[in-house]
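Below you'll find the structure, written out as structure tokens, and then a few comments.
The values are calculated or read from the model by the stated rules, or taken from the named source; none is laboratory data. Keep in mind that this is a model prediction, so the values were computed, not measured. Note that we place each Cβ from the backbone using ideal geometry, even for glycine, and neighbour counts take in every protein chain shown. To get the accessible areas, we keep the full protein, side chains included, count just its heavy atoms, and leave off ligands, DNA and RNA. Shrake-Rupley method; radii C 1.70, N 1.55, O 1.52, S 1.80 Å.
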Amino acid sequence: LISGHDLRDLEMLLQQTQGSGIDVYTHSEMLPANYYPAFKNYSNLVGNYGNAWWKQKEEFASFNGPILMTTNCIVPPADSYKSRRFTTGAAGYPGCVHIEGSYGDRKDFSPIIGLAKQCPAPTPIEQGTIVGGFAHAQVFALADQVVEAVKSGKITKFVVMAGCDGRAKTRSYYTDFAQKLPEAVVILTAGCAKYRYNKLGVGYVPSTQIPRVLDAGQCNDSYSLAVIALKLKEI
């Protein structure tokens, strides 16, 4: 299981586990990696496990295998999985094995791979599919459809709900808000805040093939949302 934001670390992990029988899952902000065409070449990238960063204690325990934290969002680990958690890059935690390597270096993930071969499979926690991959280049490719939907009244408004999620109970506001939005409203999102509503099954804008949740990716992909807004304004 790989969490954080560093897609280069994911690429190296996939290369080193290819053909080994080891499945690689993304977690939290790594979810968008499943949308990148380049990662479709790796059959060992099998999906996403879990939700936003703040649920990691119970989800890391049930994953059963090793976990690699590539950047921030580390919650102090429970004893049940502390020996299975590894860090790399800017991430680190006392008692967890750190995989060395500077920016641009080829890292050696063999300690993680060796442990993975000894661990049981993850305990399933949910099933389903999510549509994503709507960074600005992809939305521009669909611009004609989006603009036509706006002009015809099928889309009446865009709402931006992006950034980091949190464990506070008041965060349920975003779930409630998304559920109450009319079918003609599209949510633009990026970051793990999307876990509040990306599994609600809000579907597509009626009479179109445009998903009502357009996920641009990680928190650092929020730039795409600004570019999309400016492009729509220009059109």
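Quick check on region 19-162: what are the equivalent-ellipsoid semi-axes from the Cα gyration tensor, as sqrt(5λ), descending, whole Å? Intermediate results must be reported in sequence, preceding the final value.
Values: eigenvalues 239, 59, 52 Å².
Its equivalent ellipsoid spans semi-axes of 35, 17, 16 Å.
Run through all the Cα pairs of region 24-81 and give the fraction in each 10 Å bin from 0, expressed as whole percent.
22, 54, 22, 3
Determine, for each peptide in 66-78, 218-230, the mean count of other beta carbons within 10 angstrom over its residues, then list the peptides with the highest first. Each step should come with its number before you reach the end.
Numbers: 66-78: 19.7, 218-230: 17.2.
The densest-packed peptide leads the list: 66-78, 218-230.
According to a simple spin-label model (label point 7 Å from Cα along Cα-to-Cβ), what is the distance in nm between D105 and A141?
Inter-label distance under the simple model: 3.6 nm.
At R0 = 41 Å, how high is the FRET efficiency between N64 and A226 if r is their beta carbon distance? Nearest 0.05 is fine. Can you show the working numbers first?
Working: r = 40 Å, r/R0 = 0.97.
FRET efficiency, N64 to A226: 0.55.
With unit charges on the beta carbon (Lys/Arg positive, Asp/Glu negative), name the residue among A229, T71, T175 whose Cα is farthest towards the positive pole of the charge dipole of the chain.
After comparing all options, I get T175.
Could you size up the charge dipole of the chain around its Cα centre, putting +1 on the beta carbon of Lys and Arg and -1 on that of Asp and Glu, and report it in debye to the nearest 20? Could you put the intermediate results ahead of the total?
Numbers: 23 positive and 20 negative charges, 109 e Å.
With only Lys, Arg, Asp and Glu charged at Cβ, the dipole is about 520 debye.
For S28, S207, S80, S172, write out the residues from largest to smallest accessible area, computed with a 1.4 angstrom probe and no ligands counted.
Values: S28 5, S207 105, S80 75, S172 50 Å².
Greatest to least solvent exposure: S207, S80, S172, S28.
When the chain is treated as a GNM, springs tying every alpha-carbon pair under 10 Å, which of A116, A61, A38 comes out with the largest mean-square fluctuation?
Per the Cα network of the chain with a 10 Å cutoff, A38 tops the list.
With a 1.4 Å probe and all protein chains left in place, how much of the accessible area of region 39-86 comes from carbon and sulfur atoms, in whole percent?
Values: 960 of 1920 Å².
Roughly 50 percent, rounded to a whole number.
Might you report the magnitude of the Cβ-based charge dipole of region 34-159 about its Cα centre, with Lys and Arg at +1 and Asp and Glu at -1, to the nearest 20 debye?
Details: 12 positive and 9 negative charges, 20 e Å.
For this selection, approximately 100 debye.
Using 0.36 nm per residue of separation minus the Cα-Cα distance, give me the extension gain between L115 and D79 in nm, one decimal. Walk me through the intermediate numbers first.
Numbers: separation 36, 0.36 × 36 = 12.96 nm, distance 1.66 nm.
Taking 0.36 nm per residue and subtracting the Cα distance, the gain is 11.3 nm.
Would you mind working out the accessible area per residue for region 50-140, using a 1.4 Å probe, and quoting it in Å²?
Numbers: 4810 Å² over 91 residues.
Value for region 50-140: 53 Å² per residue.
Sort T170, T17 by heavy-atom solvent-accessible area, probe 1.4 angstrom, most to least. Don't jump to the answer; show the numbers that get you there.
On the way: T170 110, T17 5 Å².
I get T170, T17, largest accessible area first.
Is it possible to state the helix-based mean residue ellipticity at 222 nm for the chain, with each DSSP H run of 4+ residues giving -39500 (n - 2.57), the sum divided by total residues, to the nearest 500 deg cm²/dmol? What is it?
For the chain, the value works out to -7500 deg cm²/dmol.
Q209 versus K180, label points 7 Å from Cα toward the beta carbon: distance in nm?
So the two model labels end up 3.4 nm from each other.
What's the center-to-center distance, using Cα atoms, between region 8-43 and region 135-149 in Å?
27
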